[in-house]
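Each reported figure results from applying straightforward, stated rules to the coordinates on display, with no laboratory input. Just so we're clear, the structure is a prediction, and the values are computed from it rather than from any experiment. Glycine gets a Cβ as well: all are built from the backbone with ideal geometry, and neighbour counts include every protein chain shown.
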Ligand SMILES: N[C@@H](CCC(=O)N[C@@H](CS)C(=O)NCC(=O)O)C(=O)O
């Protein structure tokens, strides 16, 4: 019996789904991208339980959801083309950077998404305020990227995946543009956008 292809369920433009799709592509792991609508989730996803949202990965017998868990699973299961360094302290440093994105930036991107997509009557002032809250938090990230191509140094890692993936949505939803006084961050965004797998799931090329 042939094994079913590795399948990643994602909602179009979902930044969490983008994390998983990006990591799969960066590790050169073939997969089927299964886009679905929140109003009509596929039975296989519903059967996987209420936490099986976007992304959920079906990989052989494994069903893995929650984007950061998917990223760790891929590293554990497929250590080839690693997106974490080999050295434990360097791995911890990448994970600490991911935690920092999740704690310091993700809530700001989440607030912008709520103000644009999920507000009954989106107000331009509120959207501008949420957009500015993101811009106000970018200084340390620009400084971190000075003199290095990627967050952890010379190599692209999971930290780059997690920092990059909310930006295209914020640009699309609210015209977020990284200002000229953040040149290292801007250059990094362009560098990451050019990598295989950077394309946002559900957005035509
Ligand atoms: N903590 C989860 C969040 C996943 C999530 O909330 N995904 C959203 C789309 S961006 C979703 O599937 N929403 C549909 C739902 O909540 O039923 C992760 O990191 O994967």
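Below is a table of values for the structure above.
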{"item": "Gaussian network model of the chain, Cα within-10 Å springs - most flexible of 23, 193, 128", "result": "128"}
{"item": "Compactness of region 88-193 - radius of gyration and Dmax, Cα, Å", "result": "14.2, 48"}
{"item": "Residues 142, 61 arranged by fewest to most Cβ contacts within 10 Å", "result": "61, 142"}
{"item": "Projected label distance in nm at residue 51 and residue 7, using a 7 Å step from Cα toward the beta-carbon", "result": "2.2 nm"}
{"item": "Where Rh is the Kirkwood radius over Cα pairs, Rg/Rh for region 69-116", "result": "1.13"}
{"item": "Whether the chain is rounded, prolate or oblate, judged on the alpha carbon gyration tensor where a/c under 1.5 counts as rounded", "result": "oblate"}
{"item": "Net length gained if the chain between residue 191 and residue 33 were fully extended (0.36 nm per residue, minus Cα distance)", "result": "54.5 nm"}
{"item": "Cα shape, region 29-150, gyration tensor, a/c 1.5 rule", "result": "oblate"}
{"item": "Structure-based [θ]222 nm, the chain - -39500 (n - 2.57) summed over DSSP H runs of at least 4, per residue, nearest 500", "result": "-14000 deg cm²/dmol"}
{"item": "Antiparallel bridge percentage (DSSP; both residues within the chain; nearest 5)", "result": "70 percent"}
{"item": "Relative contact order of the chain, defined on C-alpha pairs under 8 angstrom at six or more residues apart (%)", "result": "27 percent"}
{"item": "Relative contact order (%) - region 7-77, alpha-carbon pairs under 8 angstrom, separation at least six", "result": "37 percent"}
{"item": "GNM top mover of 18, 172, 65 - the chain, alpha-carbon springs below 10 Å", "result": "172"}
{"item": "Rg/Rg_ref, region 7-77, where Rg_ref = 2.2 N^0.38 Å and atoms are Cα", "result": "0.99"}
{"item": "Length-normalised contact order for region 113-195 - Cα pairs under 8 Å, 6+ apart - percent", "result": "32 percent"}
{"item": "Centre separation in Å (Cα based) which lies between region 1-44 and region 169-197", "result": "24 Å"}
{"item": "Selected from 168, 88, 12 as most flexible by GNM, with the chain as the system and alpha-carbon contacts under 10 Å", "result": "88"}
{"item": "Least to most buried among 6, 131 (fewest other Cβ within 10 Å first)", "result": "6, 131"}
